Amino acid sequence: MATEAHGDETGGLEFHPLDQFIVKPLFGDGAVHWYTITNVTLWMALAVLAIAALFVFGSRGRALVPSRTQSIGEVLYGFTYKMVEDVAGKDAVKFFPYIMTLFMFILFANFLGLLPMSFATTSHIAVTGVLAIAVFLTVTIVGFVKNGAGFLGLFWVSSAPLPLRPVLAIIELISYFVRPVSHSIRLGGNIMAGHAVMKVFAGFAAIAAISPFAVLSITAIYGLEVLVAGVQAYVFAILTCVYLKDALHPSH
Amino acid sequence: MATETENATEAATNGDAVAASEVALGTPPEAEAAGMPQLAFETFGNQIFWLVVTLVIIHFVFTKVALPRIAGVLAERQGTITSDLAAAEELKQKAVDAEEAYKKALADARAEAGKIVADAKAEIQADLDVAQEKADAEIAAKTAESEKAIAEIRDGATESAKTVAKDTVKEILASMGFSADAKTVTAAVNTRMKG
């Protein structure tokens, strides 16, 4: 669709704000199989490299007085550790590497996606959906393993009057199963919308009369998107912690 | 493969019109998701596969290398800070002790110096007293001696004056032609000398 559309609209405004999200093979033009090396592979690999560079290469000195890179790694470590401990409780600390993995992957993927010409892996519902379902399954399994049937107490609001409890239980149950949906669409939608808006303004920049405004707008929205990239990664991580707290301590 | 089957079912369940038109036009499978690459289900398998690979690698890197290392560095730093603080506390205590010792030594030295000064003063006073007494005695002796000498001189002078007066009177009387009676002259001179 992309190539055809480009061909059709020669000379006029070119709006293809969603072309940037197309998953395509890195080498050749064949079909996208599950094993094909695509732009998804490239940008996820770059995220892995960036994380390794910051956390492994940056801390190679094991310095008592940290270098700048090591310091950033330590700050992120301390920040995430404290978040897990404060939000999910002390016994959730064993899930810290898991949450750190999710948080750092989303954070780095978001920021790498902001590079011009890059591909934002976290703008895809397939990616955020898997992340959210992984969290949902983890939380549910941990909840039942830790508390047995007592985990169902999460849906039975014992502080409410007895007649209301079944109604609340249904509402709680629905909200519990909606969690992975909101969890994934919040992240994917935010990233996708921001990138699409930037592309739309980039299209307007082709018109001389409003191009200064368009460029200014892109600059402003880019700043906003940098903020969104950090905030959405943080929101995803902290919600994971909140859900984990429910699994470990299901009583209201 | 999962993707292909997913793909096929998706195509079947999609809107009839869209599917029909696309099939008729012979568009490639990428175009199926009508504008939203996020809904191009044929790419889901690819994305999910690479996401899982990525997450496994990141998790491995974190659990095997990065997190234990950073935790170790942070613990070591905390330990160093704690021990340094303890050492600083110890040194501070030592400094306080040293200051107290110094103050005590200073006070002792002051007391010692005061004692020495007092002793010296007492000694000097004693010496001084002895010397003064001696000097006083000497002065008294000299004074007495001098007084005696003065008295002698005075007596001698009076006698001399009397003798001179008598001689002078005798001479004067003789030159005037009188013969002087020695007794009378002496009485007269003595009376004059007293008066």
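Values as computed for the structure displayed
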{"read-out": "In sequence order, calculated HN-Hα J values of the stretch A:38-52 (Karplus, 6.51, -1.76, 1.60; Hz; x Gly/Pro)", "value": "10, 5, 4, 4, 4, 6, 6, 4, 5, 4, 4, 4, 5, 5, 4"}
{"read-out": "Accessible area expressed per residue, chain A, with surrounding protein chains retained (probe 1.4 Å, Å²)", "value": "49 Å²"}
{"read-out": "Angle between chain A longest axis and helix A:211-248 axis [Cα atoms, degrees, rounded to 10]", "value": "20 degrees"}
{"read-out": "Relative contact order of the stretch A:2-248, defined on C-alpha pairs under 8 angstrom at six or more residues apart (%)", "value": "26 percent"}
{"read-out": "Structure-based [θ]222 nm, chain A - -39500 (n - 2.57) summed over DSSP H runs of at least 4, per residue, nearest 500", "value": "-21500 deg cm²/dmol"}
{"read-out": "For residues of A:33-43, the mean tally of beta carbons on other chains within 10 Å", "value": "5"}
{"read-out": "With DNA, RNA and ligands ignored, accessible area of B:E99 (1.4 Å probe; Å², nearest 10)", "value": "100 Å²"}
{"read-out": "Residue-wise HN-Hα coupling along the stretch A:178-186, computed from phi with Karplus coefficients 6.51, -1.76, 1.60 (Hz; x: Gly, Pro)", "value": "7, 3, x, 5, 5, 4, 7, 6, 4"}
{"read-out": "10 Å Cβ neighbours from other chains, averaged over peptide A:122-128", "value": "5"}
{"read-out": "Total accessible area lost when B and A pair, probe 1.4 Å, Å² to nearest 100", "value": "4000 Å²"}
{"read-out": "Solvent exposure ordering (accessible area, 1.4 Å, most first) of A:Y81, A:Y243, B:Y102", "value": "B:Y102, A:Y81, A:Y243"}
{"read-out": "For A:T38, residues with placed amide H under 5 Å, excluding near neighbours", "value": "A:L26"}
{"read-out": "Selection from A:T38, B:T82, B:T158 lying farthest towards where the dipole of the protein assembly as shown points positive, charges on Cβ", "value": "B:T158"}
{"read-out": "Cross-link partners of B:K115 among lysines (Cα-Cα below 28 Å; sequence separation of 8 or more within a chain)", "value": "B:K103, B:K104"}
{"read-out": "In sequence order, calculated HN-Hα J values of the stretch B:98-114 (Karplus, 6.51, -1.76, 1.60; Hz; x Gly/Pro)", "value": "4, 5, 4, 4, 4, 4, 5, 4, 4, 4, 4, 4, 4, 4, 4, 4, x"}
{"read-out": "Residue among A:P163, A:P25, A:P97 with the largest mean-square fluctuation in a Gaussian network model of chain A, springs linking Cα atoms under 10 Å", "value": "A:P163"}
{"read-out": "Listed residue pairs exceeding 30 Å between alpha carbons, taken from A:K94/A:K199; A:K245/B:K64; B:K170/B:K194; B:K134/B:K194; B:K121/B:K148", "value": "A:K94/A:K199; B:K134/B:K194; B:K121/B:K148"}
{"read-out": "Theoretical gain in end-to-end length, B:V96 to B:A135 [0.36 nm per residue, Cα-Cα removed]", "value": "8.3 nm"}
{"read-out": "Solvent-accessible area of A:R186 with every protein chain in place, 1.4 Å probe, in Å² to the nearest 10", "value": "80 Å²"}
{"read-out": "Top of A:D86, A:D19, A:D29 by mean-square fluctuation, Gaussian network on chain A, Cα under 10 Å", "value": "A:D29"}
{"read-out": "Residue with peak Gaussian network fluctuation, chain A [Cα springs, cutoff 10 Å], from A:L102, A:L114, A:L54", "value": "A:L54"}
{"read-out": "Probe 1.4 Å - accessible area at A:L112, Å² to nearest ten", "value": "30 Å²"}
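The values are calculated or read from the model by the stated rules, or taken from the named source; none is laboratory data. Here the structure is a predicted model, which is why all the values come from computation and not from measurement. Cβ atoms come from the backbone with ideal geometry, glycine included; neighbour counts cover every protein chain shown. Note: accessible area is taken over every heavy atom of the protein model, side chains too, but ligands, DNA and RNA are not part of it. Shrake-Rupley method; radii C 1.70, N 1.55, O 1.52, S 1.80 Å.
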